[in-house]
Amino acid sequence: MTALQDVLHPAGIQASHIASLWGFTVAICAVVFVAILAALFYALGRAPRADAATAPDMASMDRPESGTRRIVVAAVTLSIVGLLVLLGASIATDRALATLPLENAVHIEMVGHQWWWEVNYDDPQPSRIFSTANEMHIPVGRPVLVTLKAGDVIHSFWVPNLHGKKDLIPGRTNTIQLRADKAGIYRGQCAEFCGLQHAHMGFVVIADTPEDFAKWVDAQRAPAAQASDEAVAAGRDTFMGKPCAGCHTIRGTQAAGTTGPDLTHVGGRAFIAAGLLATTQGSLAAWIADPQTLKPGNNMPLVPLTPDELRAVSAYLASLK
Ligand code: CUA
């Protein structure tokens, strides 16, 4: 599963506003750059007014040069006008970003943790609220209002294909409005240094068609799948009997910890460990066997398991689609 992370390929209206401002700024700066180079080469190419044999004409030292002054005044004026135009474009972009219509918006809460993303889907009915991690599904064409909070230190939400950055600050609630206009998978990245594994604090935004989004939401609201065979059931029992259940929630079981990501449907997610590894039974096993080698400093402790237990637990988690 490859995900796009590219400011220059906007997939939503907010990112389009930003990309347009970028294009306009580059165009103006390109004109200025070319003009300055042209002036430089003109000056370099002028016939020399002095050489070893001819002394320089210093007469202009005491004589006002009205032509030169006019050129300098014109250049300063043009620079000020250019900067004011860029300022105006920037303000206009800011206003456009702030006025995204929010009727019928999807409400999502994102909480930044060292070093993963908790994603909560709000609903007026408490039984319909659900939580996932490091993966946000949104419907194409519908506005999304994301509430941003931080659990520990400052993080920053950034999905370049959909919008600019917005910080998640402990004790404060920020919001960001976005809309995906093209279905696709877009990579997001924490954009504020937040500790050792800041670089491994990625996530994906999956922009689904409205039908696919509705299906996904229904599937996420459902409690975890029942164990399909004996090996998976053994893995579930190991998970519940070990410290795993104290840190993670699996809805529909007695596991109700809130320190780590909700694992109710972990097997259906594209990645584990905040974008570090594609989700497979093998990567789940590798992660559980030695989380501190794969992602040093993260809060997942090593829970000693026998090889059989490791195989069973990873099979159980992979089965939670
Ligand atoms: Cu979270 Cu950087």
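For the chain, the longest principal axis of the C-alpha atoms and the axis of helix 210-221 are separated by about 50°. Ordered by the number of other Cβ atoms lying within 10 Å of each residue's own Cβ, fewest first, V31, V313 fall into the sequence V31, V313.
For K242 and K321, the difference between the fully extended length at 0.36 nm per residue and the C-alpha to C-alpha distance is 26.3 nm. Of D308, D57, the sequence from fewest to most neighbouring Cβ atoms within 10 angstrom is D57, D308.
So what is the diffusion coefficient of region 71-217 in µm² per second by Stokes-Einstein at 10 °C and 1.306 mPa s, using a Kirkwood Rh over Cα pairs? The Stokes-Einstein estimate is 94 µm²/s.
With contacts taken as Cα pairs under 8 Å at a separation of at least 6 residues, region 71-132 carries a relative contact order of 17 percent. For the chain, the residue among L162, T99, F24 whose Cα projects farthest onto the positive side of the dipole built from Cβ charges is F24.
For D212 and Y42, a Förster radius of 51 Å and the Cβ-Cβ distance give a FRET efficiency of 0.30, rounded to the nearest 0.05. For the set K165/K215; K166/K215; K242/K295; K215/K295, the pairs lying more than 24 angstrom apart at their alpha carbons are K165/K215; K166/K215; K215/K295. Over all Cα atoms in region 232-299, the spread is summed up by Rg and Dmax: 11.8, 31 Å. Working value for the chain: equivalent-ellipsoid semi-axes of 57, 23, 16 Å, each the square root of 5 times a Cα gyration tensor eigenvalue, largest first. Using Cα pairs closer than 8 Å and at least 6 residues apart in sequence, work out the relative contact order for the chain, in percent. Computed over the chain, the figure is 17 percent. Each of M240, M300 has some number of other Cβ atoms within 10 Å of its Cβ, and from fewest to most they run M240, M300. Each Lys and Arg contributes +1 and each Asp and Glu -1, all at the Cβ; summed about the Cα centre of the chain, the dipole is approximately 660 debye.
Taking each residue as 0.36 nm, the span from A98 to R142 lengthens on full extension beyond its C-alpha to C-alpha distance by 14.3 nm. Rg and Dmax over the alpha-carbon atoms of region 148-258 stand at 17.9, 48 Å.
Rounded to the nearest 10 degrees, the inclination of helix 230-241 to the longest alpha-carbon principal axis of the chain is 80 degrees. The mean sequence distance of close C-alpha pairs (under 8 Å, at least 6 residues apart), as a share of the length of region 163-283, puts its relative contact order at 17 percent. Convex hull volume of the C-alpha atoms in region 1-96, normalised per residue: 136 Å³.
Quick note: the coordinates plus some simple rules give every number you see, no bench work behind them. All figures in this text were calculated on a predicted structure; none of them were measured in a lab. Note that we place each Cβ from the backbone using ideal geometry, even for glycine, and neighbour counts take in every protein chain shown.
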